[in-house]
Amino acid sequence: MDFVAIIRIALRALARNKMRTALTMLGIIIGVAAVIATVGLSQGANDQMQQAISQMGANMLFVMAGSMNVGGVRTGSGATSRLTLPDARGIERDVKLVQLVSPGVWSSAPVVYQNNNWTTRVQGVAPSWFEIRLWPTAAGEAFGEAEVERSADVCVIGQTIAENLFKDEDPIGKTIRVKSLPMKVVGVLSFKGQSPQGQDQDDVIVAPYTTVQKKVAGIDYLNFIVVSAVSQQATAAAQQQIESILRDRHKIRPGQDDDFIVRNLADFADVANSAGKVMTLLLASVASVSLIVGGVGIMNIMLVSVTERTREIGIRMAIGATEGDVMRQFLTEAVILSLLGGGVGILTGVGAVLGISQVLRWPAAVSPTALGTSVLFSVAIGIFFGFYPARKAAQLDPIEALRFE
């Protein structure tokens, strides 16, 4: 029997009981749709996390003051004051895999404009910080090296500061008071949103590091150094070189702990990506259980079909159909059931992903891999769960089958 004839007969057999066929397909539809929806939503969340990490900076390395040992007790990170401006300049000069460096100082301070006040983070940085962080201004402009050299009382504010201090008023050119220091607002940063740790990145005031050092924090050392490597692939090697240079500059002997910490954003991205893949696999595994349930439904219906069509099978064998013909016939019916259910399930799953994304503003991504895997699973389920009923049909005794009422 040729393949086209087998498919035609299979479709005719399935069409005899449309309701039963539709209900049998329902298990596969739900299973495929669940897999596509869970994988799509999980991958969308993972993509958003990767995007948030990449927005923190271009190939960024973050050097911060480490801990120190006081009387046998180790203090927390940021407790040392050994990170200095010469360290930042040494990194910029001696590490060939680094393209941009910005010294950094931070402080927490109350900010006042007219009758409005707000407590926020004040970061003192170099002009290169804006390029490293991929953070342009939405209005006005950033300060330059001239302002850093003369410790100018100027600042660039985040969107959160602009909303809470100025409401609908244009901040550019206005003077705010940071602690007791009047500062002129020369720019407003573009919207950045939350960091991967959930911190509001727009709740910040950025000023020349010399200004924050001398007039706000009152220190002569750095709290951090922000570094941009020449490429993402070079971040690991750049990190090793930075650690080597700082250990040498701080005269740290072999075996002694560092008094600084170097963080690599690429490491955060790798960890987040690995966690996202594990979560996607877990959700897909849970959702795929419904595919197995759908396969059991196909086996059950095919066994019923074999019983109902026993006399038909006997007639076919009597006029020359072989066991192989009968087996292929019932296997084809099972696979068609699975494929039809898988096709409708794919459409349902894609629609669910797009619908949830629109209604809940949840990031989502329709994965071609998930779509292809769902089709293959549908075929595999049809073959696996259809094999036993097909084999049972093929092994019927033609004489006994003809006598079946």
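Odds and ends about this structure:
- Between Gly72, Gly104, Gly27, the distinction of being in the same structural domain as Asp203 (by TED's automatic domain parsing) and either surrounded by fewer than 19 Cβ atoms within 10 Å (Cβ to Cβ) or at pLDDT 80 or above (or both) belongs to Gly104 only.
- Residue-level analysis places Val304 among those that are within 49 Å of the chain's Cα centre (by Cα), free of Cβ contacts under 8 Å to residues at least 12 places away in the same chain and assigned to a helix (DSSP H, G or I).
- First in the stretch 325-343 and under 18 Å from Ala394 (Cβ atoms), second anywhere and outside any helix (DSSP H, G or I), Cβ under 8 Å, 6 or more apart: Asp325/Met1; Val326/Leu396; Arg328/Met1; Gln329/Met1
- Considering residues of the stretch 381-397 that are among the aliphatic types (A, V, I, L, M) and over 12 Å from Gly294 (Cα atoms) only, the residue surrounded by the most Cβ atoms within 10 Å (Cβ to Cβ): Ala393
- Neighbours by Cβ (under 8 Å, 6+ apart or cross-chain): first from the stretch 7-20, under 18 Å from Val326 (Cβ atoms) and in the same structural domain as Leu339 (by TED's automatic domain parsing); second in a helix (DSSP H, G or I) and among the small types (Gly, Ala, Ser): Ala13/Ser305
- Among the conditions (1) out of contact with any helix residue (DSSP H, G or I) (no Cβ under 7 Å at 6 or more places or on another chain); (2) surrounded by fewer than 18 Cβ atoms within 10 Å (Cβ to Cβ), Leu165 misses just one, which is (2).
- Of everything in the stretch 349-364 that is surrounded by fewer than 18 Cβ atoms within 10 Å (Cβ to Cβ) and part of a helix (DSSP H, G or I), the residue that is modelled with the lowest pLDDT is Leu360.
- Test: Glu312 is in a helix (DSSP H, G or I), modelled with pLDDT under 80, assigned by TED's automatic domain parsing to the domain that holds Ile9 and out of contact with any strand residue (DSSP E or B) (no Cβ under 8 Å at 6 or more places or on another chain): yes
- Residue that is modelled with the lowest pLDDT, among those in the stretch 174-189 that are part of a loop (DSSP other than H, G, I, E, B) and surrounded by 14 or more Cβ atoms within 10 Å (Cβ to Cβ): Lys179
- Some residue of the stretch 263-279 being modelled with pLDDT of 75 or more and touching an Asp or Glu at 6+ places or on another chain (Cβ under 8 Å): no
- In the set (1) surrounded by fewer than 18 Cβ atoms within 10 Å (Cβ to Cβ); (2) within 23 Å of Gly66 (Cα to Cα), Asp200 fails one condition alone, (2).
- Selection status of Leu85, out of contact with any Leu (no Cβ under 8 Å at 6 or more places or on another chain) and at pLDDT 90 or above: no
- Considering the conditions (1) farther than 17 Å from Phe143 by Cα; (2) part of a loop (DSSP other than H, G, I, E, B), Pro171 is excluded by exactly one of them, (1).
The values are calculated or read from the model by the stated rules, or taken from the named source; none is laboratory data. Everything numeric here is computed off the predicted structure, so don't read it as measured data. As a convention, Cβ positions derive from the backbone with ideal geometry for all residues, glycine included, and neighbour counts pool all protein chains shown.
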